[in-house]
Structures are given as structure tokens and as C-alpha cells.
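The values are calculated or read from the model by the stated rules, or taken from the named source; none is laboratory data. These numbers come from a predicted model, not from an experiment. For neighbour counting, all protein chains shown are included, and Cβ atoms are generated from backbone atoms with ideal geometry for every residue, glycine included. Calculation scope for accessible area: heavy atoms of the full protein, side chains included, ligands and nucleic acids excluded. Shrake-Rupley method; radii C 1.70, N 1.55, O 1.52, S 1.80 Å.
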Amino acid sequence: MAFGAKKVGHMVSGIGGNGMGQILAAMAAALLFRLFSGPGPASLPEDETCEENDSVNGDDAPPSAGKVFPVTITWRNITCSLSDKHSKSVRFLLKDVSGEAKPGRLLAIMGPSGSGKTTLLNVLASQILASPRLALSGLLEFNGKPSSTKAYKFAYLRQEDLFFSQLTVRETLSLAAELQLSEISSVEERDEYVNNLLFKLGLVSCADSIIGDAKVRGISGGEKKRLSLGCELIASPSVIFADEPTTGLDAFQAEKVMETLRLLAQDGHTVICSIHQPRGSVYGKFDDIVLLTEGTLVYAGPARDQPLEYFSRFGYQCPDHANPAEFLADLISIDYSSADSVYSSKKRIDALVEAFSTQSSAVLYATPLTGKTGPKQGMKFGKKIAAKRKGGWWRQFWLLLKRAWMQASRDGPTNKVRARMSIASAIIFGSVFWRMGRSQTSILDRMGLLQVTAINTAMAALTKTVGVFPKERAIVDRERAKGSYALGPYLLSKLIAEIPVGAAFPLMFGAVLYPMARLHPTFSRFGKFCGIVTVESFAASAMGLTVGSMVPTTEAAMALGPSLMTVFIVFGGYYVTADNTPIIFRWIPRASLIRWAFQGLCINEFTGLKFDCQNSFDVQTGEQALYRYSLGGTCIRDTVIAQSRILLFWYSTTYLLLEKNKPKYLQLKAPASEQIEPKLKLEPLLETDQPSPLKQVEQNQHVESTPVDQTEPFILEGL
Ligand SMILES: Nc1ncnc2c1ncn2[C@@H]1O[C@H](COP(=O)(O)OP(=O)(O)OP(=O)(O)O)[C@@H](O)[C@H]1O
């Protein structure tokens, strides 16, 4: 490796540029050499490897391949606060929330908008993005042991479904299976596995439809959600977290998604989802619910009739035929219609929160599991294959190359627009610089045309890349978080898959422009012209990848990319000559892909050209013109190598940024011991004489309701 880096360093130092620029380029090239020469079979990062092995040797050893390893999650005193430096205030997003999720059961976190459902779900999945403003404390246990999510496999179904839009449902699942399951060795085995998944997820009818995007209609929202679930299930997760899985779906699709989650729970998975306000039939599928309002617990325990029975003890009767989920949502929501209603609803909610907090021991931990606790044999996902992540480096590379090629070549609408834009801009430039002659003024015209050619090519490639890469990056981040593949094979496959499609547009541009402007009319010059703009296009795309890796959104990338390119345009060789550039900016022309493309195009065009002369000081030859504008002294090969060096630099930077910008999650801090609720025991509840706080609220509000049983605490099930 040291030898490789040294050799590449020598190679780079011999190809133009000097000093710091050369060192940087050599480092970038050496890094890329290391990257693309391959580190041998990819291995999981240390922590990810632990994910596979953590519990293998202990009592918690997961069962053999494919069986769902039962995981009970218990959380206590979870508090998440958001501090505001300016106002010095602290807002609690979650306050002392405790609960439990068990295998074989579907738990729904319900509550009004902004009540903290997603925050709690993220805490349980250890997916709270780190922020200096956020503080998180509490205890999280897996099968009774303090641990992290690394100790078991989990799936996280996010609100936003992200896929490669040009792939079909079947192709998406096949590739995910091949990338994640190294046991799949034959095509038949893979197809059988995928067919089983498609059948169980109800995706058979759309198996060969493309997923689609805003440009091309593909599968429906519900189908996308179930496909996301399918991709997550390949890893045989013990726990499935789903953030608002029904959002944006019609009632039918929402029910199908929830039914799939229910069946997965029956299969032994621990399923936890956040949901805003489900319809009645969806509510009926929940085994347990957690009701949150403004970050605090109002109820946690068995679902269906038990919460209704619980609240009826305070006089809040769910009307017959009403949707229980709507009733519960109304009960714990603040009514902002008037000052009085705000006051009374707040008071009601405060009392419900207090009542629950005093009784939570009984409700939370006295919840015996019904017959559904154990894994059922209801839903088996095809041949049971344990998810052993990652095949070898080359296997990953070929699979990713296949995917990148399918995505790049099938994206008809984008490719059509790019082709039309290339031809249209060639026609416009060709018309403006129509059939240039050999007069003295044509020298500047030629340079102007070659400069706009260099700018147009770079801008087209850059904007295309920054427009799509941030979204693709989100998919890649998710897949890499699952340990599906390493960055090296991904970036290399992307570069190679885009060569044919990416080269087609500069060729179209050159083929139209060259004869129209009557540039140096030989076939080899035309070939070199197309070659230079093609390499430039790839270098600009690589820069687009770096920009897309630096910022979180497409909009930010669209703002940053062109502004950065403007700097390279200014130092592109036409407006400021390299020799006249102030010393502190000297590195910019050397790093400007526009400058190298422009210089290469000028050398290609002017060398060997003769101009009409009338005065002795006129420029007679192309070489003189190059010399006069400080564009000589090098050859086309050097300019292309300098561009390739820039391309390598941007690719290496992208690699480093993608590695560095991995999402970082907030760790739970254990609360002070006196704040931890004692471990609760399943003891029969004793009668108490304490009046319920709800009773007082009821009395204050003069609500006619069933009197609250003062001596009988809440017993929800089985006690
Ligand atoms: N990282 C964060 N920074 C600032 N505020 C946050 C952060 N995370 C959550 N919040 C705030 O916490 C509150 C609860 O957010 P959360 O997304 O958990 O609510 P939710 O119940 O899932 O709401 P919805 O049903 O509307 O999605 C919101 O007011 C939200 O703005």
C-alpha cells in the first residue's frame, strides 16, 4: 500500500501543478488508489460486528438461523429536554416516561400531534439525533439487562420511504436480500426467498412495477410502505419500530400496513409504532398502547377495551359505536376553541396524568401477557436465513454496479431532458458563433465559445448531480447503517455505471456544436474535443457528489454547488489569466476543472491553426495566440490528467465526508439513582384510601359522571 501511494504520488507530481497543490493531489490520489484497489473482503465496523455477536455466548444467545429472537424492551424514567440558550429555558419533550414492549405484541404510541410519540420511538430505537440542545436520561433495558440497540437486530420503518425509483419491487427486494444475506448463493434460492416475501407482504400484484417517483408514477404509498418493511425484514429483526406507518395512506392501505405489522407481532417480533389517530379497525389490532400528551404518560397498558374501562372510572365514558382511538385522542387533547375550554381541558389532562403517575405501577407492570405472548407460527418469511451482513468487496461492487446501471440507464425522463438540454445549448452556441472564420477577431470568439462550452458542461453535470445525490445519500446512509455494504464499492460502482450515460451528453453537445461553429475541422480534433468535455463532465459530477455530501438537503446543495463553481469559473483561464492571479489565489486555477478543460480545448483548437494577418503585430498562428493568453506551455494530455486528478480529489473528499457525516445519535444518560422508580413487582394491589385526583377535578367541573371508586385503585387486567 505504501508503495502504491508513493507511486501514485510520483505520477501526480509529474503531471503539472506544484507545491501544496501537488501534495494535496498526491494524497487524494493515494487515498483513492487505496479505496478502489479494495481493502479485501469488507468487514463490519466493530460495533456492527458486535450487533451480530453480542449475545451469542450469553444466556441471550439468539436462536438458530431465521428464528425471531424474543426481545422485551423496558424503559424507565425517560426524560428528554430541549434547552434554549437565548431564553435559558428548558422544554421537556418527554417527562419520566416508563413502559414496556413485549415480543409477540403490537404496541402503539398514541397521542395528539407534538405529544412526543416520534421522540419516544426514537429514544427506544436509540435513534435520537445528537444535538447540543437535547439532553436525554433514563433507563432502557433489553430482556432485563441495560444494553444498547447494538445487542439485538431491529428494523426502523421511517415516515419517508426512500428507494431507487427505477427499480421494480422485485429487483429492490432481490438486491437487498443479496446485499444483506451472504447465505443466498443461487438465483433459485434468492428468487424463492423474494417470492415468499412478496407473497407475505401482499406485493405480488405489483412485483414487476417500478417504484417510481414524482416524474414517473409507480407503486402506491401503501405498497411503498410494505416494501420498506420487506427491506427491513431481510435482517430478521427482533424489534420493529414504525414511525407513523399509516401517514399519507388511504384507509384501505393503512389497514393493510397495520395488518402486516400485527402479523409480524404474532410471528414473535416486538412491534412498536407511533400513530396519530387510527381508525377503529386499526385500533383493534393493537395489543398495548401508550398514551402521551405533552411528553407525559396518560396511560400505558393493554389496548382495546381496557383503556376505555380505565377512563370510565373517572367518568369519561366512550359513547357506543364511537371510535375508541378518537375518544382517547379527544380526551387527552387540549381544546383551543376558547379560554374556558383550554383551562378545563388542561385541568382534566393534568389530573389524568397525575392519576396515572400514581397508579402506573399497577398498570404498567401488572400487565400479564395473554395467550399471544409467545411467537406464533403465523407468518414465516420464506426460507429462514439469518442475516449475515455483507458479502465480499467485489460481490458488493457488482451488485451495486448492477443497481446503479439500472437506475442511470432507465431514468428516461431525466435522460431525455439532459439530451434535449445538451442539443439545445449546442444549437444556441452554434448559432451565436456560427461558422467562425480565421480573422483576428475570431481568436477571441473561439476562446469565448470554448469558455462557455467548459462552463456549460460543468454546470450541467454539477446541477444534475446535486439535484439527485442528497436523496440517494439518504438511502445509502440507511443501507450502510444496516451494514449492507462499504463505501468503496458504492462510489466505484457509481462512477463506472454513469460513464456511458454521462459521456453521451457531451458527445451530443460536441456533435452539434462542432460543425455549426466550424471549429478546427479534423476528425481527431473533434474526438479530443469530445474527450475533454466528457472528462470535465465527470469531474464536475464528482464535485457535485462532494457538495451533496456536505449539506443535508437538495435545496442547500443547489445553493452551494453553483456558488462554488462560480469561483472556478472566474479562475477558468478566460477572465483572469493564471499568471496574473494574486499569489494567495494561485491554487484556485490549479484546482479549477473549468480552467483545465478550457486550456485543453484551446490547445486542441488553436494548435496548427493559421489566421489572416494584415498588420505586423497580428497573431499569425494558433500557437502565438495560446502564448499571448498564457494558455500554452502544456499539452492536452496534461490538462486531461489534471482534470482526472481533480476528479479523484472530489471523489476522495466525498468518501471522507460520507464517512465523517454519518448520523450521530444521542446516548441515554442514567438518571440519578433517587430518580429511578424502584423496580416494580407484580404484587396484588392493596386497597387505598387515597382520593383520586381525578375525583377533585370532576367535582370542580361539576361533571355528572360515575363516581370514582375511591378505594379501588386501577386494575386493568388479570388482577
Ligand atoms: N431535535 C429536536 N429539536 C427541537 N425540537 C424537537 C426535536 N425533536 C422533537 N422536537 C419537538 O418535540 C415535540 C414532539 O415532537 P414529536 O415529533 O415527538 O411529536 P409527535 O407526537 O410525533 O408529533 P406528530 O404526530 O405531529 O408527528 C415537537 O414540538 C417537536 O417540535
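Can you put Val68, Val533 in order of accessible area, largest first, using a 1.4 Å probe?
Working: Val68 25, Val533 0 Å².
Ranking Val68, Val533 by accessible area, largest first, yields Val68, Val533.
What shape does segment 518-626 take by its C-alpha gyration tensor, where a ≥ b ≥ c are the square roots of the eigenvalues and a/c under 1.5 counts as rounded, a/b above b/c as prolate, and the rest as oblate?
oblate
My understanding is that a pair violates if its Cα-Cα distance is over 30 Å; which of Lys225/Lys347; Lys95/Lys660; Lys225/Lys662 do that in this structure?
Exceeds cut-off: Lys225/Lys347; Lys95/Lys660.
Mind ranking Cys318, Cys273 by accessible surface for me, highest first, 1.4 Å probe?
Values: Cys318 25, Cys273 0 Å².
Reading off the accessible areas and sorting them downward yields Cys318, Cys273.
If a/c stays under 1.5 just call it rounded; otherwise compare a/b with b/c (prolate if a/b is bigger, oblate if not). Do that for segment 166-264, with a ≥ b ≥ c from the square roots of the Cα gyration tensor eigenvalues.
Oblate, because a/c is 1.5 or more while a/b does not exceed b/c.
Under 5 Å between amide H atoms, partner at least 5 residues away or on a different chain: which partners does Gly572 have, H built in plane at 1.01 Å?
Amide H neighbours of Gly572, under 5 Å, 5+ apart: none.
With every protein chain left in place and a probe of 1.4 Å, what is the accessible surface of Met421, to the nearest 10 Å²?
Spelled out: Met421, probe radius 1.4 Å, area about 120 Å².
Using only Cα atoms, what Kirkwood radius does segment 419-660 have, in angstroms?
Details: mean 1/r = 0.0534 Å⁻¹.
Taking every pair of different Cα atoms in segment 419-660, averaging 1/r and inverting gives 18.7 Å.
Taking the Cα centroid of segment 424-441 and of segment 160-238, what is the distance between the two, rounded to the nearest whole Å?
Rounded to whole Å, the Cα centres lie 51 Å apart.
Only loop residues by DSSP count here, and only those with at most 14 other Cβ atoms within 10 Å; note down the chymotrypsin sites (Phe, Trp or Tyr not before Pro) in segment 539-579 that meet that.
Working: sites: Phe568, Phe571, Tyr574, Tyr575; in loops: Phe571, Tyr574, Tyr575.
Here the sparse-neighbourhood loop sites are Tyr575.
Report Leu626's accessible area, 1.4 Å probe, all protein chains in place, as a number in Å² to the nearest 10.
Roughly 10 Å² of Leu626 is accessible to a 1.4 Å probe.
Could you please state, rounded to a whole Å, how far the C-alpha centre of segment 501-559 is from the C-alpha centre of segment 301-347?
That distance is 62 Å.
Give the carbon-plus-sulfur fraction of the accessible surface of segment 419-660 in %, rounded to a whole number; probe 1.4 Å, heavy atoms of protein chains only.
After summing per-atom areas, the C and S share lands at 66 percent.
Not counting ligands, DNA or RNA, and with a 1.4 Å probe, what is Glu192's accessible surface area in Å² rounded to the nearest 10?
Answer for Glu192: close to 100 Å² accessible.
I need the phi-derived Karplus couplings for segment 631-641: 6.51 cos²θ - 1.76 cosθ + 1.60, θ = phi - 60°, integer Hz, Gly and Pro marked x.
Karplus-based 3J(HN,Hα) across segment 631-641 equals 10, x, x, 8, 10, 4, 4, 5, 5, 5, 5 Hz.
Suppose every K and R has +1 on its Cβ and every D and E has -1 on its Cβ; what is the size of the dipole of segment 174-267 about the Cα centre, in Debye to the nearest 20?
Approximately 340 debye in magnitude.
Rounded to a whole number, what % of the accessible area of segment 126-184 do carbon and sulfur atoms account for, probe 1.4 Å?
53
Using modelled amide H (1.01 Å from N, peptide plane; none on Pro or chain starts), what sits under 5 Å from the amide H of Leu106, excluding residues fewer than 5 places away?
Correct list: Asp287, Asp288.
Could you give the accessible area per residue of segment 487-586, probe 1.4 Å, as a whole number in Å²? Spell out each step's value before the answer.
Working: 3950 Å² over 100 residues.
Per-residue accessible area for segment 487-586 comes out at 40 Å².
Net charge within 11 Å of Thr118 by Cβ-Cβ distance, Lys/Arg positive one each and Asp/Glu negative one each, not counting Thr118 itself?
0
Using the heavy atoms of the protein chains alone and a 1.4 angstrom probe, what is the accessible area of segment 407-456 per residue in square angstrom?
On a per-residue basis, 48 Å².
About its Cα centre, what dipole magnitude does segment 419-660 give when the only charges are +1 on Lys and Arg Cβ and -1 on Asp and Glu Cβ, stated in debye to the nearest 20?
Roughly 260 debye, rounded to the nearest 20.
Ordered by residue, what ³J(HN,Hα) values in Hz, to whole numbers, does segment 647-653 give under the Karplus form 6.51 cos²θ - 1.76 cosθ + 1.60, where θ = phi - 60° and Gly and Pro are x?
Coupling constants for segment 647-653: 4, 4, 4, 5, 5, 5, 5 Hz.
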